[in-house]
Each structure stands twice: as structure tokens, then as C-alpha cells.
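Computed from the coordinates by the stated procedures, all read-outs in this text should not be read as laboratory data. These numbers were taken from a predicted model, which means no experiment stands behind them. A quick note on method: Cβ atoms are made from the backbone with ideal geometry, for glycine too, and the neighbour counts reach across all protein chains shown.
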Amino acid sequence: MSAHSRRPRRLALALASVAGVAPLVACATPPEPAPPPPAAADDDELPYCRLCELYRVSERLVVRVQTESGLGAGVVVAADGTIVTNAHVVGAAEEVAIDTADGRRFGGRVLEVDADLDLALVRASPEAPPWHAATLETRPPRVGSEVFLIGHPFGLDWTVTRGVVSALRRRGGSTVIQTDAAVSPGTSGGAMLDESGRLVGIVTSKYIAPGAESLAFARTAADVLVLIERMRARAPGR
């Protein structure tokens, strides 16, 4: 990587090859962490909240992926510490830092990158303990079904948003999920989960144009599985 490429990039939404569609460029300088909120009431005293339960289970599946030039999200997809994120998050880096929701940090190595899918696989350092891996739902979600996104918009870690599957589009020979859920830089590589907490997609981009609202996109879990199988086929001894 050149010295120029190591300089922190301005927070921006760079235009992709398709007019108006921009990858969610990693957040280069996250804001200072906010002070801890006041203690909440015991969960047992609160009414049942389905989204709250989903978030509680799922936040440990989502990590923060940090490079010299910025940050994004990633999702654990195997108990050995294999994590999927976006190709534009890792960029040209070979090594990344991985932060977990419980405050731990590990090194990570980039294993596989597919620029066309805008997906990448990294693996946490060997000393990392077994991970809780997401369950991949490789069938495309139904249009109109509810989805939940977890990422780090503008460096605001482990933020959850919700929306619906607005449409299923074809792009580059595979299916892309369109959603109206809120996404921002730093949500790149974040989890798109269905109502059961299964991983249906990885957030990749949003539509940027005058008047455009609530137009974001995710690659399907089926594409993630393709990348995992490709990586395993290249593994030594196979």
C-alpha cells in the first residue's frame, strides 16, 4: 500500500460505476465515544420486546473491522473466526483489527476478496476464542418482509435500524436485496437479519441522487456462501 493510500480518507460517499449508487465508504475518524447512559431498569421489569431480544442475541455476531484508512462492520460466519465484510472496507489491506461488542480486540488477516460482489473474508488471529457464528439464510427474503441491520454508522458502534425488503434486484449476475432501512458510512459490511435473526444479507451500498431516500442495498447470504466455498476450495490439502 502506498504512503498516500495510508492517509485517512475524508468521510464521503464515493460514486460507484453505476450512476448514483455509492458504496458505503468506511468512516475514517469515528467520533469520541459518548458517556455511558444511566442505568436502565432490570429487563425483567420491562415489557417483552422482540427487536430487543433479537439485538441482544445478534450483537455478538457483528464486529467492527478497522483498517489504517477507516472502519466498517463485519459478521462472524464460522466458529473459527471467519468474518465477512465488504471489499471496499478492507481495500488493499492484508491485515485488519477486529473489535467485538464486549470490548476485545484481535488482529485479522484478509483471506478472500471479490470486488464484483463487494465482499471480503477475514479471519481473526489464532488466539481468538471460538466465535458465535451467524446462521445463513441462503433463500432470498420475501419482498415486504421485515429486516434488521446492525453496523457502525459514522463510528456509532453496534447501531440497529429496521426496515423492509423493498425489492429483489439483479446485479452482476446475482440477486441484490433493496431495503428502506437507514444505512450510513460505517454500516458497510453490517448484518441484515430476518425476523428470526438469520443472516440474509451484507450491507454494501446506498443510492445517492437528488431526492432519493431510503434506497440501500445488500448482497445476499447466498453470495457470502459462494465466497466461503471458494476460499475453502483453495485451502491447502484440498
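Taking the Cβ of each residue in 203, 165, 160 as the centre, tally the other Cβ atoms inside 10 Å and list the residues starting with the fewest.
Working: 203 29, 165 23, 160 19.
Least crowded to most crowded, the residues run 160, 165, 203.
Would you mind working out the magnitude of the charge dipole of the stretch 91-156 relative to its Cα centre, with +1 at each Lys and Arg C-beta and -1 at each Asp and Glu C-beta, to the nearest 20 Debye? Please report the intermediate quantities before stating the final value.
Numbers: 6 positive and 11 negative charges, 44 e Å.
Roughly 220 debye for the stretch 91-156.
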- Task: Quick one: compute the contact order of the stretch 95-238, relative version, from alpha carbon pairs under 8 angstrom and 6+ residues apart, as a percent.
- Result: 21 percent
- Report the trypsin sites (Lys or Arg not before Pro) located in the stretch 124-201 that are in a DSSP loop and have at most 14 other Cβ atoms inside 10 Å of their Cβ, or state none. 142
- Query: By counting other Cβ atoms within 10 Å of each Cβ, how are 67, 204 ranked from fewest to most?
  - Reply: 67, 204
- Query: In which sequence would 192, 231 go, from the one with the fewest C-beta neighbours within 10 Å to the one with the most?
  - Reply: 231, 192
